[in-house]
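Working notes, beginning with the structure itself.
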Amino acid sequence: PGVIVLENPHCQSGGRVLPASYIKEVRELADERGLPLHLDGARVFNAAIASKRTPAEMAKDFDSVMFSLSKGLAAPFGSMVCGTRPFIDRVRRYRKLLGGGLRQAGFMASAAIVALQTMVDQLIEDHRRAQLLATKIRDIPGIRLEPSVIDTNMVFFRLEQDGLSVPDFLAALSQRGVRMGTLREGVVRAVLHYLVSDHDVDTTANAIRSVLQAEPR
Ligand SMILES: Cc1ncc(COP(=O)(O)O)c(C=O)c1O
């Protein structure tokens, strides 16, 4: 191996934040093996807000960091890679090789600056609404939250209603004006973001209930 990568928060685990002790152990392993440690921090601002730490604290054990400006920070576009000067020089070269070079990217960078300056603090609202959604749907028959603990802005749940597939569930939900997705077999993912209000969370819970009642058991 040439690098160790950790994703924090970890999407497939339900947007859970990695324990600091685990990161420390992996840092030690990386040092023992002489490997760089990279943070896939696509949602690292969510991890920081959820663990009441600064993004810099979340990044301190890593040699390089990537984070998304879209997703919860709500810029229309873009991600950042951070690291040492020689590392970034290599990153620029690879970006160009892979066709990722952009001209006149400044107008997109200005949206990213707005995201960084104005959107970070509101992530706590996305997290609160994820908790709210989880509370509203956790007792609906046919729904099992997985995981049942929610750290950030994502709610994952398994469908446990005979005869109702995830694609059919998602299509029926979409007809009721609510869009969700799926990342693995049998599991639905709901993502909260700044355009989703408390009222929308109510609408979402009602739509889920209505689909499960309308569809065959
Ligand atoms: C966890 C994670 N890592 C990395 C990426 C890649 O981001 P980008 O395509 O902006 O480089 C994504 C994007 O969806 C992601 O969710």
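No value in this document is a laboratory result; all are computed from the given coordinates. What you see is a predicted model, and the numbers here were worked out from it, not measured in a lab. Glycine gets a Cβ as well: all are built from the backbone with ideal geometry, and neighbour counts include every protein chain shown.
Values computed for the structure shown
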{"read-out": "Inter-label distance for Asp89 and Ile4, nm, one decimal - labels placed 7 Å from Cα along Cα-to-Cβ", "value": "2.8"}
{"read-out": "Low-density loop cleavage sites - trypsin sites (Lys or Arg not before Pro) in the stretch 1-90, where at most 15 other Cβ are within 10 Å (DSSP)", "value": "Lys52, Arg53, Lys60"}
{"read-out": "Viscosity 0.692 mPa s, 37 °C: Kirkwood-radius Stokes-Einstein D of the chain over Cα pairs, µm²/s", "value": "172"}
{"read-out": "Quotient of Cα Rg and 2.2 N^0.38 Å for the stretch 4-118, N being how many residues it contains", "value": "1.12"}
{"read-out": "Leading residue at positive end of dipole, the chain (Cβ point charges), from Ser70, Gly15, Ala112", "value": "Ala112"}
{"read-out": "MRE, 222 nm, helices only [DSSP H, n ≥ 4, -39500 (n - 2.57), over the chain, to nearest 500]", "value": "-13500 deg cm²/dmol"}
{"read-out": "Over the stretch 123-214 - Rg/Rh using Cα atoms and the Kirkwood inverse-distance radius", "value": "0.92"}
